[in-house]
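Undergrad: Sharing a structure here in structure tokens format.
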């Protein structure tokens, strides 16, 4: 049964949306997609608003282009986040433990997968895997600190 919740404070706003599909893996993947996708949409909306204000006018055509860009960015970044969260959760289930190594493996697999889908060559795929693993591990360590 789908449920949503919202909580906020001045020190740390938090938006929590939970979708229960009956499958924990799919729940985590959708959660990552929705959270990061909505951040990408908000960032693009702010950027497009700034561009419209700095130009001094907005047309219907420009507005439609902005909406398309918002949707595209939301789907792109939401998909990457969904893949990462799914990989991280899958690695956790396979290894039977929850630690920073799951983020490293999940980030590396996600970086490599996104690079392969983008039709990159072997060296670029390896670099993207290293970058994905490094960023995910750093984020996990920062999360432990807070």
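Every number in this text was worked out from the coordinates using simple rules, so none of it is lab data. Because the structure is a prediction, the values reported are computed rather than measured. Glycine also receives a Cβ, built like all others from the backbone with ideal geometry; neighbour counts cover every protein chain displayed.
Undergrad: Out of (i) 17.2; (ii) 16.3; (iii) 18.5, which label holds the value of Kirkwood radius over Cα pairs in Å that was computed here?
TA: (i)
Undergrad: Taking the Cβ of each residue in 118, 54 as the centre, tally the other Cβ atoms inside 10 Å and list the residues starting with the fewest.
TA: By the 10 Å Cβ count, ascending: 54, 118.
Undergrad: Can you put 44, 146, 131, 110 in order, fewest other beta carbons within 10 Å first?
TA: Result, fewest neighbours first: 146, 131, 44, 110.
Undergrad: OK, next. Give the calculated FRET efficiency between residue 94 and residue 50 to the nearest 0.05, with a Förster radius of 35 Å applied to their Cβ-Cβ distance.
TA: Here the calculated transfer efficiency is 0.20.
Undergrad: Still on this structure, I have one more. Relative to the first principal axis of the alpha-carbon coordinates of the chain, what is the inclination of helix 100-117, with its axis defined by its Cα atoms, in degrees from 0 to 90 and to the nearest 10?
TA: So the helix axis and the longest Cα principal axis differ by about 60 degrees.
Undergrad: Let me ask something additional. Work out, step by step, the length gained on full extension between residue 71 and residue 138: first 0.36 nm times the residue separation, then minus their alpha carbon distance; give nm to one decimal.
TA: 21.3 nm
Undergrad: Let me ask something else about it. By how many degrees, 0 to 90 and rounded to 10, does the Cα axis of helix 60-95 deviate from the longest principal axis of the chain?
TA: The answer is roughly 10 degrees.
Undergrad: Please give the helix 122-145 orientation as an angle from the longest Cα principal axis of the chain, in degrees from 0 to 90, rounded to the nearest 10.
TA: It is inclined by approximately 90 degrees.
Undergrad: Shifting gears a bit: Obtain the nm distance between the two label points defined at residue 25 and residue 127 by a simple spin-label model: each point lies 7 Å from its Cα along the Cα-to-C-beta direction.
TA: Each label point lies 7 Å from its Cα, and together they span 3.2 nm.
Undergrad: Could I ask something else about it? Can you put 76, 144, 84 in order of Cβ neighbours within 10 angstrom, beginning with the fewest?
TA: By the 10 Å Cβ count, ascending: 144, 76, 84.
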